[in-house]
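The values are calculated or read from the model by the stated rules, or taken from the named source; none is laboratory data. Just so we're clear, the structure is a prediction, and the values are computed from it rather than from any experiment. Cβ placement follows ideal geometry from the backbone for every residue including glycine, while neighbour counts extend to all protein chains displayed. Just the protein is used for accessible areas: all its heavy atoms, side chains included, with ligands, DNA and RNA removed. Shrake-Rupley method; radii C 1.70, N 1.55, O 1.52, S 1.80 Å.
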Amino acid sequence: MVVPSQSSRVLFVDLNNFARYPTQSVGYLVAPLRQAGWTVEVFSPFSTGVSGVVREPPVRPWSLALERIGYRTAISRSPIVRQMRKAAAALAAPQLARATRWVARRFVQRLDDGAQVNAVLISAYLMYHPLCEAMAAACAERGIPVLLGSAAFAQPEVVREWLPMRGVTAIAAGELELELPEILRAMTAGEDLTQFPGLWVSKDCELKGSVAPPRPALDRLPFPDYSDFPWERYPNRIVPVITGRGCGWGICTFCSDVVTAAGRTYRSRSPESVLEELRYQAERYQTKLFAFTDLKLNSNLDLWHTLIERFQDAVPGGRWIGAVHIGTNGPNGLSREELQAAGRAGMVRLTTGLEAGSHNLLKIMRKGTDLGVTSRCLHDASEAGISVRTTMIVGYPGESVEDLIQTRDFLRAHGSCIERVVLNRFQIMTGTAFHRQLEDKPGRAPGLSQLTPNHRMAQLEHHYLPADSRPYRRAIDEVLAEVHAINRRPIMAIARDFEGVM
Ligand code: B12
Ligand code: SF4
């Protein structure tokens, strides 16, 4: 490997801009670059004064009315209503999306006034296309190469929409931590980048490249480096940790997480490596708060058991949160005793994909759960002192009024043990099992109309016809009311440090 000179400086733009803790992908990519001798500077709009993205803002008494209006306008087929909704959504978007020109100006100021930059890396979220365009154009004018990456670029349709952006030298599609120093050297030397699996370039009016396969051997990666993040602007010090990439279940038809760069196929780190990282980050950032960002933290039961048995040895007095899948395909690590042990080990919140209160829907989503088992587990978790959060979907093709009533009833019956519910409208995301099946058999999903691909945002817009009926809308209103009633309540005091985080 060629070591860059000390003056080789890379500016890393972090568009995650989360208001609560550092961005994991950036931490993972910065660490090997520093080890290879690059001078890395992180440009975070949050540090320059833009407010951070607030994921789950507190619920107010009037939130239910807004949710209902939001839902009605979202499914409306009237062009005027859709236009108005778009305008309202733009106003309510994160400040980063609204302040494109302002952030781009700050970025240009940094390029022109600070130390000379040899390359720019951008870790993008798809909603920031205009900002990426402005930054890449500024780099083009200054002859600075740009490498653009995103979790969503594992889907070639998405890459095709983004790659023609002026000023983008290449798009990174995959987990390229260890290869990045060599890629940057080649990029700044103007070499052909198609030699690297996982890079896409636009060449002779053609798009060329490949998606890198999922990275094996995660223990070989250096621990992520979060030293560049604006710690003083976070309300508390939470460190994100990932024990494995992908999901041990991985088959839910709607799931776009398992088709992202790091979400494809399940790969686990060793328990020792995870415990060592916990000790290291606790010491380095002087904290005892951790958010496990695994899609399914109970994918590898050895690892899960290590956490619930040894977390407190690694971080005495520490507290943590994570997402679990209450699978029924063999032991899931979530028995009453295991949840009690997790609570004693400092787990203060778990989140799980409930999706619906209807067996029928869960089956067609291939969720791999059973409502009886889920019910028991939610009660057990709550009794173990773990705050329970669930995510849910409405509008999945095939969903009937009866399914919605069952969902409402499930929420009503579990209001005492569920503390937060995040309800999403079903979206067809590019690359998901649902999308690929639709491509194979377009007539397969009943009730869908107006299918319009928007791969720039990695989705297929659609309209769900049964949602037009009055009884369906009434049932949605009732589900929203149950969600609101749950979200209005305060959460367990022990989990409050993580309120709004996950
Ligand atoms: C954890 C997580 C979060 C955390 C953030 C954690 C953090 N601070 O790091 C929280 C909870 C805050 C969050 C919030 C949101 N998230 Co999120 N999140 C995830 C999740 C589950 C894991 C991300 C992660 O850390 N993975 C582990 C790292 C190592 O992998 P990675 O991010 O893919 O990065 C690797 C590669 O992609 C690549 N790479 C990435 N960027 C770059 C850049 C360069 C230059 C290079 C070379 C390589 C490269 O290298 C990285 C290292 O291997 C992903 C789903 C997934 N499976 O990826 C969604 C995901 C990233 N989130 C997504 C979304 C939509 C959101 C929200 C908008 C959701 C919402 N409506 O509230 C919000 C707000 C986002 C914002 N800030 O604007 C989408 C993004 C899609 C998109 N539109 O771009 C994803 C992909 C989920 C999905 N399937 O749709 N999220
Ligand atoms: S359990 Fe969760 S992460 Fe895994 S495939 Fe299903 S929705 Fe995706």
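Structure summary
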quantity: Positions within the stretch 333-364 being more than 21 Å from residue 291 (Cβ to Cβ) and within 13 Å of ligand 2 (Cβ to nearest atom), in sequence order; calculated: 355, 356, 362
quantity: Residue within the stretch 249-259 that is within 11 Å of ligand 1 (Cβ to nearest atom), surrounded by fewer than 20 Cβ atoms within 10 Å (Cβ to Cβ), assigned to a loop (DSSP other than H, G, I, E, B) and under 19 Å from the mean Cα position of the chain (by Cα) present; calculated: no
quantity: Sole residue being within 20 Å of residue 39 (Cβ to Cβ), open to solvent by 20 Å² or more (accessible area, probe 1.4 Å), touching a residue at least 60 places away in the same chain (Cβ under 8 Å) and away from ligand 1 (no atom under 13 Å from the Cβ), chosen from 233, 142, 185; calculated: 185
quantity: Filter pass, residue 176 being within 24 Å of residue 242 (Cα to Cα) and in contact (Cβ under 8 Å) with a residue 60 or more places away in the chain; calculated: yes
quantity: Residue 171 free of Cβ contacts under 8 Å to residues at least 40 places away in the same chain, within 20 Å of the chain's Cα centre (by Cα) and farther than 27 Å from residue 284 by Cβ; calculated: yes
quantity: Where residue 443 falls short, out of the listed (1) of a type in the set (Gly, Ala, Ser); (2) surrounded by fewer than 21 Cβ atoms within 10 Å (Cβ to Cβ); (3) touching a Gly at 6+ places or on another chain (Cβ under 8 Å); (4) under 30 Å from residue 211 (Cα atoms); calculated: (3)
quantity: For residue 291: the one exception among (1) more than 16 Å from ligand 1 (Cβ to nearest atom); (2) of a type in the set (Gly, Ala, Ser); (3) over 30 Å from residue 406 (Cβ atoms); calculated: (1)
quantity: Test: residue in the stretch 263-284 that is within 30 Å of residue 405 (Cα to Cα), among the polar types (S, T, N, Q) and either within 16 Å of ligand 1 (Cβ to nearest atom) or out of contact with any Phe, Trp or Tyr (no Cβ under 9 Å at 6 or more places or on another chain) (or both); calculated: no
quantity: Matching option when the condition is in contact (Cβ under 8 Å) with a residue 24 or more places away in the chain and either of a type in the set (Lys, Arg) or away from ligand 2 (no atom under 16 Å from the Cβ) (or both), among 207, 301; calculated: 207
quantity: Subset of the stretch 428-440 [open to solvent by 30 Å² or more (accessible area, probe 1.4 Å) and in contact (Cβ under 8 Å) with a residue 60 or more places away in the chain]; calculated: 429, 433, 437
quantity: The stretch 188-207, residues that are loosely packed, with under 15 Cβ neighbours inside 10 Å and assigned to a helix (DSSP H, G or I); calculated: 194, 195
quantity: In the stretch 220-248, the residues that are assigned to a loop (DSSP other than H, G, I, E, B) and of a type in the set (A, V, I, L, M, F, W, C); calculated: 221, 223, 229, 242, 247
quantity: Any hit, the stretch 208-219, residues being part of a helix (DSSP H, G or I) and assigned by TED's automatic domain parsing to the domain that holds residue 369; calculated: no
